[in-house]
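So the structure is just underneath, and the comments pick up after that.
The values are calculated or read from the model by the stated rules, or taken from the named source; none is laboratory data. Since we're looking at a predicted model, the values are computed, not measured. In this analysis, Cβ positions are derived from the backbone assuming ideal geometry, glycine residues included, and neighbour counts consider all displayed protein chains. Remember, those area values only see protein heavy atoms, side chains included, never the ligands or the DNA or RNA. Shrake-Rupley method; radii C 1.70, N 1.55, O 1.52, S 1.80 Å.
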Amino acid sequence: MRRIRKDDQVQVIAGKDAGTSGRVIKVFTDRDRVLVEGRNYVKKHQRIQSQRGGAQEGGIIETEAAIHISNVLPICPSCDQPTRVGYRYENEGDRRSKVRVCKKCDATF
């Protein structure tokens, strides 16, 4: 189970965007990185693509780059603060499920 998932609200705690928050677009589990919406913009120099019908324009394009997962903290929906994540098992009838828990207010999310 991952501590940060897609569509989580996270706050960036290190780097040039420290202190800002955004929504997680994608999680790269093999590289331990996340893509946060509207954060960590980088300039990419792109060539003109004229093959296969749809021609793309070239030039300098600003795009979002991945941030290491240790540099973001999830924001708890109940206490609305960045927090560390714990885990707890909850019984649902005859099944046990592992849920994420806020370390500050002990709420599940």
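Points worth noting:
- Within region 88-101, being open to solvent by 90 Å² or more (accessible area, probe 1.4 Å) and in contact with a Lys or Arg (Cβ under 9 Å, 6 or more places away or on another chain) holds for one residue alone: 89.
- Tally, over region 39-60, of residues that are open to solvent by less than 50 Å² (accessible area, probe 1.4 Å) and either within 17 Å of residue 4 (Cα to Cα) or in contact with an Asp or Glu (Cβ under 7 Å, 6 or more places away or on another chain) (or both): 1
- Region 41-63, subset modelled with pLDDT of 95 or more and under 18 Å from the mean Cα position of the chain (by Cα), residue farthest from residue 12 (Cα to Cα): 42
- Here 63, 29, 108, 20 are screened, and the one residue that is exposed (fewer than 12 other Cβ atoms within 10 Å of the Cβ), touching a strand residue (DSSP E or B) at 6+ places or on another chain (Cβ under 8 Å) and of a type in the set (S, T, N, Q) is 63.
- On inspection, residue 85 passes the criterion of being in contact with a Cys (Cβ under 9 Å, 6 or more places away or on another chain), open to solvent by less than 80 Å² (accessible area, probe 1.4 Å) and among the aliphatic types (A, V, I, L, M).
- Pairs are defined by a Cβ separation below 7 Å, a sequence spacing of at least 6 or placement on different chains, a first member in region 71-91 that is small (Gly, Ala, Ser), and a second member that is at pLDDT 95 or above and assigned to a strand (DSSP E or B); the pairs so defined are 78/102; 86/101.
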